[in-house]
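First up is the structure itself, then whatever we jot down about it.
The values are calculated or read from the model by the stated rules, or taken from the named source; none is laboratory data. Please read all numbers here as calculations on a predicted model, not as lab measurements. Positions of Cβ are backbone-derived with ideal geometry, glycine not excepted, and every protein chain shown enters the neighbour counts. Heavy atoms of the whole protein, side chains included, go into the accessibility calculation; ligands, DNA and RNA do not. Shrake-Rupley method; radii C 1.70, N 1.55, O 1.52, S 1.80 Å.
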Amino acid sequence: MGMTMTQKILAAHAGLESVSAGQLIEADLDLVLGNDITTPVAIREMDKMKVQDVFHKDKIALVMDHFTPNKDIKSAQNCKMVREFAKKYDITNYFDVGCMGIEHALLPEKGLTVAGDAIIGADSHTCTYGALGAFSTGVGSTDMAAGMATGKAWFKVPSAIRFEITGKPSKWVSGKDVILHIIGKIGVDGALYKSMEFTGDGIRYLSMDDRFTIANMAIEAGGKNGIFPVDDVTVVYMKEHSIREYKVYEADADAVYDEVITVDLSALKPTVSFPHLPENTRTIDECPEIVIDQAVIGSCTNGRLDDLRIAAEILKDKKVAKHVRCIVIPATQEIYMQSMKEGLLETFIKAGAIVSTPTCGPCLGGHMGCLAEGERCISTTNRNFVGRMGHVDSEVYLASPAVAAASAVLGRIADPGEVVK
């Protein structure tokens, strides 16, 4: 019986010739990730384990991104704990204010994730790195602690769903619309503990930023991970960002999938996820008039350069509606700098938006844009649960940067074609 991409990577890291769905394995890790919320918990667990050292100072990444710059005393204490831990164990890849970014945009940019890797992170959206052909998945802080101590993790080998991507997307359709369409189709538990493997000739029309977005939200369908094949686009990205060797794994021709789902990019329309689940999707032409109070363009899902370029294209020479607060968050310092060079930040500010330092901030109702009772936000983030961005009686609508920018201009959920003729 053949293996999927994910199964091949796990087999190699477990030192086995083959694995099958449901099998329990112990695998070697190439990278262990934590942030300012989850790492303190892991550090306390390591203290309980009486660990004297980490498994490899170069294979741990600690990114201060959720509540930084620190929003209050508790967040400052958490970051201080992680900072001291990083100094104690001489952690190479420690990223704090001034050099940090949103973790799932920062690590690929820094070349710390490449094809063929096995990666765990104490953050559910660690599945992002599957865009590069790696196996990456979110874990709890206890598993992160064990990973930092031993360089290993236990997994139950997942079965898989294959998504056959065909066709070419139209002007305003992006990776965010692709994954929202898929989640709307299969539901938030449609891929529960399964590998979501994306294949097909339509992938060539998806940029790396599109692929990062799609892989990032695999968890929103319950997936264990999302993963893309390695093609020329992937290789170019890795060569530009990393000096590490990578390894390409391809699914066997006789690999077994629980199901195969076809997604025709040419048939997709800009898509919005209504409160309070990502599966509650409607295409833009199905949306009633929803007046918004806030628009957020950023996050580990959509704070990359392509996202900001698209938003700027729509906001150029336009004004954000008077009753709307528009918050733009470049995902890394490098993206911030490039956006500055290209004049994107000037476009945002002239339009009446604000530009923030890289942070997860409003995505989890942390800071930089919490919602009050009854307020509505259209956001390029990944979750719209009850109270996700603030008050339990607020509402979050998930959408692409194009839709979010257009909505900021018109003050209601809007089709980008209404703003850019």
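Given the criteria within 25 Å of T6 (Cβ to Cβ), of a type in the set (F, W, Y) and open to solvent by 50 Å² or more (accessible area, probe 1.4 Å), does Y237 qualify?
Details: within 25 Å of T6 (Cβ to Cβ): yes; of a type in the set (F, W, Y): yes; open to solvent by 50 Å² or more (accessible area, probe 1.4 Å): no.
When the stated conditions are applied, Y237 does not pass them.
For the stretch 195-234, give me the residue count where each residue is aliphatic (A, V, I, L, M), in a helix (DSSP H, G or I), farther than 17 Å from E103 by Cα and open to solvent by less than 30 Å² (accessible area, probe 1.4 Å).
Just the residues of the stretch 195-234 that are aliphatic (A, V, I, L, M), to begin with: 196, 203, 206, 208, 214-215, 217-219, 221, 227, 230, 233.
This time we only want the ones that are in a helix (DSSP H, G or I), so: 203, 208, 214-215, 217-219, 221, 233.
Within this subset, residues satisfying the condition of being farther than 17 Å from E103 by Cα are 203, 221, 233.
Subsequent filtering for residues that are open to solvent by less than 30 Å² (accessible area, probe 1.4 Å) retains 203, 221.
Selection size over the stretch 195-234: 2.
Would you point out the residue of the stretch 69-127, among those that are of a type in the set (D, E, K, R) and in a loop (DSSP other than H, G, I, E, B), that is least open to solvent (accessible area, probe 1.4 Å)? Step through it out loud before you land on a result.
Of the stretch 69-127, the ones of a type in the set (D, E, K, R) are 71-72, 74, 80, 83-84, 87-88, 90, 96, 103, 109-110, 117, 123.
Still in the list and also in a loop (DSSP other than H, G, I, E, B): 71-72, 90, 96, 110, 117, 123.
Details: K71: 93, D72: 62, D90: 90, D96: 22, K110: 99, D117: 6, D123: 25 Å².
Selected residue: D117.
Of everything in the stretch 1-22, what is buried (at least 16 other Cβ atoms within 10 Å of the Cβ) and more than 14 Å from A134 (Cα to Cα)? Give them in sequence order. Full working, then the answer.
Filtering the stretch 1-22 for residues buried (at least 16 other Cβ atoms within 10 Å of the Cβ) gives 3-14, 19, 21.
The answer is M3, A14, V19, A21.
Can you tell which of K152, K185 is touching a residue at least 40 places away in the same chain (Cβ under 8 Å), over 26 Å from L277 (Cα atoms) and open to solvent by 10 Å² or more (accessible area, probe 1.4 Å)? Let's see the steps before the verdict.
Numbers: K185 fails: over 26 Å from L277 (Cα atoms).
Sole residue among the options that is touching a residue at least 40 places away in the same chain (Cβ under 8 Å), over 26 Å from L277 (Cα atoms) and open to solvent by 10 Å² or more (accessible area, probe 1.4 Å): K152.
Give all pairs with beta carbons closer than 6 Å in which a residue from the stretch 303-319 that is of a type in the set (D, E, K, R) meets a residue that is assigned to a loop (DSSP other than H, G, I, E, B); count only pairs at least 6 apart in sequence or on separate chains.
Pairs that qualify, where the first residue is of a type in the set (D, E, K, R) and the partner is assigned to a loop (DSSP other than H, G, I, E, B), are R304/A331; D306/S207; K319/G352.
Would you pick out the residues in the stretch 393-421 that are modelled with pLDDT of 95 or more, open to solvent by 10 Å² or more (accessible area, probe 1.4 Å) and more than 17 Å from K269 (Cβ to Cβ)?
D393, E395, V409, L410, R412
Considering only residues of the stretch 23-38 that are buried (at least 20 other Cβ atoms within 10 Å of the Cβ) and among the polar types (S, T, N, Q), which is nearest to G140 (Cα to Cα)?
Filtering the stretch 23-38 for residues that are buried (at least 20 other Cβ atoms within 10 Å of the Cβ) and among the polar types (S, T, N, Q), the one nearest to G140 (Cα to Cα) comes out as T38.
When the residues of the stretch 323-342 are filtered to those that are touching a residue at least 12 places away in the same chain (Cβ under 8 Å) and over 22 Å from the mean Cα position of the chain (by Cα), which remaining residue is least open to solvent (accessible area, probe 1.4 Å)? Step through it out loud before you land on a result.
Keep residues of the stretch 323-342 that are touching a residue at least 12 places away in the same chain (Cβ under 8 Å), which gives 323-336, 338-339, 342.
Those left that are additionally over 22 Å from the mean Cα position of the chain (by Cα): 323-325, 342.
Working: H323: 93, V324: 13, R325: 94, E342: 72 Å².
The qualifying residue least open to solvent (accessible area, probe 1.4 Å) is V324.
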